[in-house]
Amino acid sequence: MRREAEGSHNIRTGLIAMYALRRMLEGPVYGYSLAAEISERTGESWSPGPGTIYPALHQLVEKKYAKTRTEEGRRVYYITQQGKRKLESFRRKMARARGRFQDAGRLWMEIMDDAELMEFMLHRLRTDIRLVSLVSEGHIGHFSEKERKLFCKRIRVELRRIISAGGV
(Lines give C-alpha, C1' and ligand atoms only; values in the text may rest on other atoms or scores of the structure.)
Protein backbone atom coordinates (compact mmCIF):
# COMPACT_ATOMS: atom_id res chain seq x y z
CA MET A 1 0.00 0.00 0.00
CA ARG A 2 2.87 2.38 0.77
CA ARG A 3 4.20 1.95 -2.78
CA GLU A 4 0.77 3.02 -4.19
CA ALA A 5 0.77 6.12 -1.98
CA GLU A 6 4.28 6.99 -3.15
CA GLY A 7 3.22 6.54 -6.78
CA SER A 8 0.24 8.81 -6.24
CA HIS A 9 2.50 11.44 -4.66
CA ASN A 10 4.90 11.18 -7.61
CA ILE A 11 2.05 11.68 -10.09
CA ARG A 12 0.86 14.78 -8.21
CA THR A 13 4.40 16.14 -7.96
CA GLY A 14 4.93 15.54 -11.70
CA LEU A 15 1.66 17.24 -12.60
CA ILE A 16 2.54 20.24 -10.44
CA ALA A 17 6.00 20.40 -12.02
CA MET A 18 4.59 20.48 -15.57
CA TYR A 19 1.90 22.99 -14.60
CA ALA A 20 4.57 25.16 -12.96
CA LEU A 21 6.67 25.09 -16.13
CA ARG A 22 3.62 26.08 -18.16
CA ARG A 23 2.93 28.99 -15.82
CA MET A 24 6.60 30.03 -15.94
CA LEU A 25 6.21 30.61 -19.68
CA GLU A 26 4.10 33.62 -18.67
CA GLY A 27 6.51 34.80 -15.98
CA PRO A 28 8.08 33.77 -12.70
CA VAL A 29 6.12 31.78 -10.10
CA TYR A 30 6.52 31.14 -6.41
CA GLY A 31 5.25 28.25 -4.34
CA TYR A 32 2.43 29.84 -2.38
CA SER A 33 0.84 31.49 -5.42
CA LEU A 34 1.15 28.27 -7.41
CA ALA A 35 -0.63 26.30 -4.66
CA ALA A 36 -3.37 28.93 -4.44
CA GLU A 37 -3.84 28.92 -8.21
CA ILE A 38 -4.11 25.12 -8.38
CA SER A 39 -6.66 25.18 -5.59
CA GLU A 40 -8.68 27.87 -7.39
CA ARG A 41 -8.42 26.14 -10.79
CA THR A 42 -9.66 22.83 -9.34
CA GLY A 43 -12.59 24.43 -7.54
CA GLU A 44 -10.81 23.85 -4.21
CA SER A 45 -11.05 20.08 -4.79
CA TRP A 46 -7.25 19.89 -4.66
CA SER A 47 -5.21 22.22 -2.48
CA PRO A 48 -1.63 20.99 -2.63
CA GLY A 49 0.39 21.81 0.43
CA PRO A 50 4.06 22.73 0.81
CA GLY A 51 4.98 19.02 0.96
CA THR A 52 3.85 18.64 -2.64
CA ILE A 53 4.51 22.08 -4.15
CA TYR A 54 8.08 22.61 -3.02
CA PRO A 55 9.43 19.15 -3.91
CA ALA A 56 8.04 19.67 -7.43
CA LEU A 57 9.71 23.08 -7.75
CA HIS A 58 12.99 21.80 -6.27
CA GLN A 59 12.92 18.91 -8.74
CA LEU A 60 12.62 21.38 -11.62
CA VAL A 61 15.67 23.27 -10.37
CA GLU A 62 17.69 20.06 -9.82
CA LYS A 63 16.95 18.95 -13.40
CA LYS A 64 17.79 22.44 -14.67
CA TYR A 65 14.27 22.97 -16.05
CA ALA A 66 13.95 26.04 -13.84
CA LYS A 67 16.20 28.45 -12.02
CA THR A 68 15.48 30.34 -8.85
CA ARG A 69 16.37 33.55 -7.12
CA THR A 70 15.11 35.49 -4.16
CA GLU A 71 12.99 38.56 -4.87
CA GLU A 72 11.28 40.64 -2.20
CA GLY A 73 11.96 37.98 0.41
CA ARG A 74 10.54 35.02 -1.49
CA ARG A 75 12.01 32.37 -3.73
CA VAL A 76 10.89 32.87 -7.33
CA TYR A 77 11.18 30.27 -10.10
CA TYR A 78 11.88 30.91 -13.80
CA ILE A 79 11.78 28.49 -16.71
CA THR A 80 15.02 27.70 -18.55
CA GLN A 81 15.51 26.75 -22.21
CA GLN A 82 15.87 23.15 -21.07
CA GLY A 83 12.57 23.52 -19.20
CA LYS A 84 10.87 24.82 -22.34
CA ARG A 85 12.09 21.77 -24.26
CA LYS A 86 10.88 19.46 -21.47
CA LEU A 87 7.44 21.09 -21.44
CA GLU A 88 7.14 20.78 -25.22
CA SER A 89 8.19 17.13 -25.05
CA PHE A 90 5.63 16.50 -22.30
CA ARG A 91 2.87 18.17 -24.34
CA ARG A 92 3.63 15.96 -27.35
CA LYS A 93 3.67 12.86 -25.14
CA MET A 94 0.34 13.77 -23.56
CA ALA A 95 -1.26 14.47 -26.94
CA ARG A 96 -0.33 10.95 -28.06
CA ALA A 97 -1.54 9.37 -24.79
CA ARG A 98 -4.86 11.14 -24.22
CA GLY A 99 -6.95 8.10 -25.21
CA ARG A 100 -5.24 5.93 -22.61
CA PHE A 101 -6.37 8.27 -19.81
CA GLN A 102 -9.98 7.92 -20.91
CA ASP A 103 -9.60 4.14 -20.92
CA ALA A 104 -8.28 4.18 -17.34
CA GLY A 105 -11.23 6.36 -16.30
CA ARG A 106 -13.59 3.67 -17.54
CA LEU A 107 -12.10 1.21 -15.04
CA TRP A 108 -12.93 3.60 -12.20
CA MET A 109 -16.48 3.91 -13.50
CA GLU A 110 -16.93 0.14 -13.62
CA ILE A 111 -15.93 -0.13 -9.96
CA MET A 112 -18.64 2.32 -8.83
CA ASP A 113 -22.18 1.32 -7.96
CA ASP A 114 -25.00 2.79 -10.06
CA ALA A 115 -25.75 5.76 -7.79
CA GLU A 116 -22.05 6.69 -7.57
CA LEU A 117 -21.67 6.28 -11.31
CA MET A 118 -24.61 8.56 -12.06
CA GLU A 119 -23.28 11.30 -9.74
CA PHE A 120 -19.76 10.88 -11.09
CA MET A 121 -20.94 11.19 -14.71
CA LEU A 122 -23.09 14.25 -13.98
CA HIS A 123 -20.19 15.91 -12.15
CA ARG A 124 -17.82 15.06 -15.01
CA LEU A 125 -20.30 16.43 -17.58
CA ARG A 126 -20.73 19.69 -15.62
CA THR A 127 -16.96 20.03 -15.30
CA ASP A 128 -16.41 19.41 -19.01
CA ILE A 129 -19.13 21.90 -19.95
CA ARG A 130 -17.51 24.52 -17.68
CA LEU A 131 -14.14 23.88 -19.33
CA VAL A 132 -15.65 24.19 -22.83
CA SER A 133 -17.23 27.45 -21.72
CA LEU A 134 -13.93 28.79 -20.37
CA VAL A 135 -12.18 27.94 -23.65
CA SER A 136 -14.96 29.40 -25.79
CA GLU A 137 -14.93 32.62 -23.73
CA GLY A 138 -11.15 32.94 -24.07
CA HIS A 139 -10.26 32.26 -20.41
CA ILE A 140 -8.26 29.10 -21.20
CA GLY A 141 -5.93 28.77 -24.15
CA HIS A 142 -4.60 31.38 -26.51
CA PHE A 143 -7.03 30.99 -29.38
CA SER A 144 -8.05 33.72 -31.76
CA GLU A 145 -11.72 34.66 -31.99
CA LYS A 146 -11.94 32.69 -35.23
CA GLU A 147 -10.41 29.60 -33.60
CA ARG A 148 -12.82 29.84 -30.64
CA LYS A 149 -15.80 30.03 -33.01
CA LEU A 150 -14.52 26.98 -34.89
CA PHE A 151 -14.08 25.15 -31.59
CA CYS A 152 -17.69 25.94 -30.59
CA LYS A 153 -18.94 24.79 -33.99
CA ARG A 154 -17.07 21.48 -33.60
CA ILE A 155 -18.59 21.01 -30.14
CA ARG A 156 -22.12 21.60 -31.51
CA VAL A 157 -21.53 19.18 -34.39
CA GLU A 158 -20.26 16.49 -32.02
CA LEU A 159 -23.18 16.94 -29.61
CA ARG A 160 -25.68 16.74 -32.49
CA ARG A 161 -23.98 13.60 -33.76
CA ILE A 162 -24.19 11.91 -30.36
CA ILE A 163 -27.81 12.90 -29.81
CA SER A 164 -28.96 11.91 -33.31
CA ALA A 165 -27.25 8.52 -32.95
CA GLY A 166 -29.41 7.84 -29.90
CA GLY A 167 -26.45 8.13 -27.56
CA VAL A 168 -28.26 10.66 -25.38
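Those residues that are part of a helix (DSSP H, G or I) and surrounded by 14 or more Cβ atoms within 10 Å (Cβ to Cβ), I need them from the stretch 34-53; list them, please. Talk me through it step by step, then tell me what you get.
Within the stretch 34-53, the subset part of a helix (DSSP H, G or I) is 34-41, 50-53.
LEU34, ALA35, GLU37, ILE38, SER39, THR52, ILE53 - these are the residues of the stretch 34-53 that are part of a helix (DSSP H, G or I) and surrounded by 14 or more Cβ atoms within 10 Å (Cβ to Cβ).
Only one residue in TYR30, TYR54, TYR65 is closer than 12 Å to GLY83 by Cβ, among the aromatic types (Phe, Trp, Tyr) and over 14 Å from the mean Cα position of the chain (by Cα). Which one?
Numbers: TYR30 fails: closer than 12 Å to GLY83 by Cβ; TYR54 fails: closer than 12 Å to GLY83 by Cβ.
Every option except TYR65 fails the conditions.
Looking at this structure, is ARG75 surrounded by 10 or more Cβ atoms within 10 Å (Cβ to Cβ), touching a strand residue (DSSP E or B) at 6+ places or on another chain (Cβ under 6 Å), assigned by TED's automatic domain parsing to the domain that holds THR13 and within 14 Å of ALA20 (Cβ to Cβ)?
yes
Which of the residues that make up the stretch 105-144 are under 18 Å from the mean Cα position of the chain (by Cα) and either surrounded by fewer than 10 Cβ atoms within 10 Å (Cβ to Cβ) or assigned by TED's automatic domain parsing to the domain that holds THR42 (or both)?
Passing the criteria: HIS139, HIS142.
For the condition more than 22 Å from ARG41 (Cβ to Cβ) and at pLDDT below 85, what is the one hit in MET109, MET118, MET94?
Working: MET118 fails: at pLDDT below 85; MET94 fails: more than 22 Å from ARG41 (Cβ to Cβ).
Exactly one residue qualifies, and that residue is MET109.
Pairs only if they're at least six apart or on different chains, beta carbon under 7 angstrom, first in the stretch 143-160 and under 16 Å from LEU131 (Cα atoms), second outside any helix (DSSP H, G or I); list them, first residue then second.
ARG148/GLY138; PHE151/PHE143
Does ARG23 fit the bill of being free of Cβ contacts under 8 Å to residues at least 24 places away in the same chain and within 14 Å of the chain's Cα centre (by Cα)? Break it down into steps so the answer makes sense when it comes.
Values: free of Cβ contacts under 8 Å to residues at least 24 places away in the same chain: yes; within 14 Å of the chain's Cα centre (by Cα): yes.
Yes; evaluated as a whole, the condition is true for this residue.
So which residues in the stretch 133-148 are in contact with a helix residue (DSSP H, G or I) (Cβ under 6 Å, 6 or more places away or on another chain) and in a helix (DSSP H, G or I), if there are any at all?
If the condition is that a residue be in contact with a helix residue (DSSP H, G or I) (Cβ under 6 Å, 6 or more places away or on another chain) and in a helix (DSSP H, G or I), then SER136, ARG148 are the ones that fit.
Being assigned to a strand (DSSP E or B) and either modelled with pLDDT under 95 or under 21 Å from the mean Cα position of the chain (by Cα) (or both) is the filter here, so list the residues in the stretch 70-90 that pass it. If you could, list the steps in order and put the result at the bottom.
Of all residues in the stretch 70-90, those assigned to a strand (DSSP E or B) come to 70-71, 74-79.
Within the stretch 70-90, THR70, GLU71, ARG74, ARG75, TYR77, TYR78, ILE79 meet the criteria.
The values are calculated or read from the model by the stated rules, or taken from the named source; none is laboratory data. Bear in mind that the values here come from a model prediction, so they are computed numbers and not experimental data. Note: ideal-geometry Cβ built from the backbone for every residue, glycine included; neighbour counts use all protein chains shown.
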